[in-house]
Each structure stands twice: as C-alpha cells, then as structure tokens.
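Beneath this line is the structure, given in structure tokens, with notes to follow.
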Amino acid sequence: MRGLRAAGWDVVGVARRAGRLEALDAEVGSASFAADLTSETDVEALAAHLADTGPVHALVHVAGGARGADRIEDGSPEDWRWMFEVNVLSAQLVTAALLPLLRDAAASDGHADTLFVTSTAAQTAYAGGAGYNAAKAGESMLVHALRLELGGEPIRVSEVAPGMVHTPEFTLNRLGGDVSAAEKVYEDVADPLTAADVADVIVYALSAPGHVNLDLVTLRPVAQSAQHQLARGALRPRGH
C-alpha cells in the first residue's frame, strides 16, 4: 500500500484487522475496508462498497499464509483446509466479485489489472511444505486459468512469486508462535527479501505500459539459489 500510494494510486486496503487498517490509513492516506476474504458475505459487501466508491482499476491479491511444517502423514486437516481457503478460495471469491468493476474501468480507461502474490512454494515442493505447496500451486493455477479466460479482454493478469521474504508474522504464524524457531529460519542469511522489495515489483507491474503483461515474476534473495538451496553467512566471490 505504501508503494502504490507513493506512486500516486488511490488504495483501498482490505484485511480482517480493522485497527491495523486504520493505522495504515492514517499513515499513508489509504481508505481501507475490513473484511474476511474467505467469507462470501464479506466479499459481497466489499464489492458493493467499491461499486459505490470506485472506479476499480486494479486488484492486488496478497491474502494468504501457511500453517505448520508437518510431513504429509502428520499434517492437520484443519491447517490444510485453512491454507486452501485463504490462498485459493479467497482469490476466487474476490476475483469473481470484482471482475465487473475491473471491466468497467478497462472500458473507460483502456485496461485494468489483476495481480496475485503467490510464492516459489507454488513452483517447487519441499519436505514439510506440502500443504502450503498445494495451496500456492492451486492459487498459481487459478492465475494461469484466469489469464486464458480473460483472453481478448484488456485486463492484465500478473503473478509475483517471492522466495524468502523476512516479514514480521509469516514464519512466526507458520510455526505456531515459536519465536526461536522462526528466527532460525533467517539466521545468517544475507539480506532476505523484504516486503518493500516485493512491493516494488508490484508497483512496476501495475505501472508498466498497458500493453505489457508481466505473466510471472519470480524473485528471491541472492542468497537463495533455489527453493531448497540457501547460503548462510556472508556472500563472497570465489577466491576472495
């Protein structure tokens, strides 16, 4: 939201925690709407609100998260269900609800945007990550299908898939609030990505000329060569 506001966008932030949204609105000048994006009722209310306050030129879907790092045989069906709902179902509900508004904006202004933040977990499986792998792969397939279904319409469909991003809550929530375990994930990693790094890519994708579609942008810290390969310690040229 900060990046888009700095780039001149009017932004409506949507999340469950109204207090945090209000604080962000006061900081950056956004105009937020509290909603649970897995709730059809909440999403319908959001769409009605935006129809009254629009137009809507872009949808940026960042809702999601992971729970647990269990093997498949030990996984919690409740955690898996939650991950599917927040990563996949929310994307379907919000996209379906807002497409009419995006079409209206595209008709008057030439194009509109949908952009989904998925994860490199959608691209490569890893032990202990099957539930999140499956959920993010499902969201990614939704994006690919949407691009095909909107073929011939001036609505861009973009996917941004980050690797390791050091954010205050993601890993902590995944590991059940275990602060020590969460800190070890990032221990001695040189410069993991930040939320601001991902935001920069989002702003660029939405600001590109209207005929340019960034189908998929995968970004990782240099220390993460692949989903399963992470360098710890200082990065140095070989021989130095």
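The values are calculated or read from the model by the stated rules, or taken from the named source; none is laboratory data. A quick note: this is a predicted structure, and the numbers were derived from the prediction, not measured. A quick note on method: Cβ atoms are made from the backbone with ideal geometry, for glycine too, and the neighbour counts reach across all protein chains shown.
Of all residues in the stretch 149-176, count the ones that are aliphatic (A, V, I, L, M), modelled with pLDDT of 90 or more and farther than 13 Å from V117 by Cα.
Looking only at that region, the number is 2.
Find all pairs meeting these conditions: Cβ atoms under 6 angstrom apart; at least six residues apart or on different chains; first residue within the stretch 190-210 and more than 19 Å from M164 (Cα to Cα) and in contact (Cβ under 8 Å) with a residue 12 or more places away in the chain; second residue among the polar types (S, T, N, Q) and surrounded by 19 or more Cβ atoms within 10 Å (Cβ to Cβ).
Listed pairs, sorted by first residue: A205/S158.
How many residues are over 30 Å from S225 (Cα atoms), in contact with a Gly (Cβ under 8 Å, 6 or more places away or on another chain) and either without any contact (Cβ under 8 Å) to a residue 60 or more places away in the chain or not in a loop (DSSP other than H, G, I, E, B) (or both) when one looks only at the stretch 100-125?
Total satisfying the criteria: 3.
State all residues of the stretch 190-225 that are outside any loop (DSSP other than H, G, I, E, B) and farther than 22 Å from M1 by Cβ; if no residue qualifies, say none. Spell out the reasoning first.
Here is the first cut: in the stretch 190-225, the ones outside any loop (DSSP other than H, G, I, E, B) are 193, 195-207, 216-219, 224-225.
Of everything in the stretch 190-225, those that are outside any loop (DSSP other than H, G, I, E, B) and farther than 22 Å from M1 by Cβ turn out to be L216, T218, Q224, S225.
Taking only the stretch 64-89 into account, find how many residues are closer than 19 Å to A161 by Cβ and surrounded by fewer than 21 Cβ atoms within 10 Å (Cβ to Cβ).
3
Return the residues of the stretch 47-79 that are of a type in the set (V, I, T) and touching a residue at least 60 places away in the same chain (Cβ under 8 Å); say none if nothing qualifies.
Correct list: V60 only.
Determine, yes or no, whether D25 is surrounded by 13 or more Cβ atoms within 10 Å (Cβ to Cβ), modelled with pLDDT of 95 or more and either within 22 Å of L99 (Cα to Cα) or among the charged types (D, E, K, R) (or both).
Against the criterion (surrounded by 13 or more Cβ atoms within 10 Å (Cβ to Cβ), modelled with pLDDT of 95 or more and either within 22 Å of L99 (Cα to Cα) or among the charged types (D, E, K, R) (or both)), D25 does not qualify.
Is it the case that A137 is touching a helix residue (DSSP H, G or I) at 6+ places or on another chain (Cβ under 8 Å), at pLDDT below 95 and in a helix (DSSP H, G or I)?
Here the answer is no, as A137 does not meet what is asked.
Going residue by residue through the stretch 19-26, is there one that turns out to be in contact (Cβ under 8 Å) with a residue 24 or more places away in the chain and under 20 Å from L115 (Cβ atoms)? Break it down into steps so the answer makes sense when it comes.
Kept after step one, since they are in contact (Cβ under 8 Å) with a residue 24 or more places away in the chain, are these residues of the stretch 19-26: none.
No, the stretch 19-26 contains no residue that is in contact (Cβ under 8 Å) with a residue 24 or more places away in the chain and under 20 Å from L115 (Cβ atoms).
Can you name every residue in the stretch 31-72 that is at positive phi and touching a strand residue (DSSP E or B) at 6+ places or on another chain (Cβ under 8 Å)? Let's see the steps before the verdict.
The first filter runs over the stretch 31-72 and keeps only residues at positive phi, leaving 64-65, 68.
The answer is G64, and nothing else.
Can you name every residue in the stretch 28-61 that is touching an Asp or Glu at 6+ places or on another chain (Cβ under 7 Å), at pLDDT 95 or above and of a type in the set (G, A, S)?
A35, A58 - these are the residues of the stretch 28-61 that are touching an Asp or Glu at 6+ places or on another chain (Cβ under 7 Å), at pLDDT 95 or above and of a type in the set (G, A, S).
Just one of A91, A63 is aliphatic (A, V, I, L, M), assigned to a loop (DSSP other than H, G, I, E, B) and under 18 Å from L46 (Cα atoms); which is it? I'd like the intermediate steps shown before the answer.
Working: A91 fails: assigned to a loop (DSSP other than H, G, I, E, B).
Residue meeting the stated conditions: A63.
Got at least one residue in the stretch 226-235 being closer than 12 Å to S158 by Cβ and not in a helix (DSSP H, G or I)? Steps first, answer last, please.
We begin by selecting, within the stretch 226-235, every residue closer than 12 Å to S158 by Cβ; these are none.
No: the stretch 226-235 contains no residue that is closer than 12 Å to S158 by Cβ and not in a helix (DSSP H, G or I).
With the checklist (1) part of a helix (DSSP H, G or I); (2) at pLDDT 95 or above; (3) touching a Leu at 6+ places or on another chain (Cβ under 9 Å) in hand, flag the one item A182 doesn't pass.
The number of the failed condition is (2).
Do any residues in the stretch 29-41 that are under 11 Å from R16 (Cβ atoms) have Cβ atoms under 6 Å from those of residues that are among the basic types (K, R) and part of a loop (DSSP other than H, G, I, E, B), where the two are at least six apart or on different chains, and which pairs are they?
From the stretch 29-41, the pairs are D36/R16.
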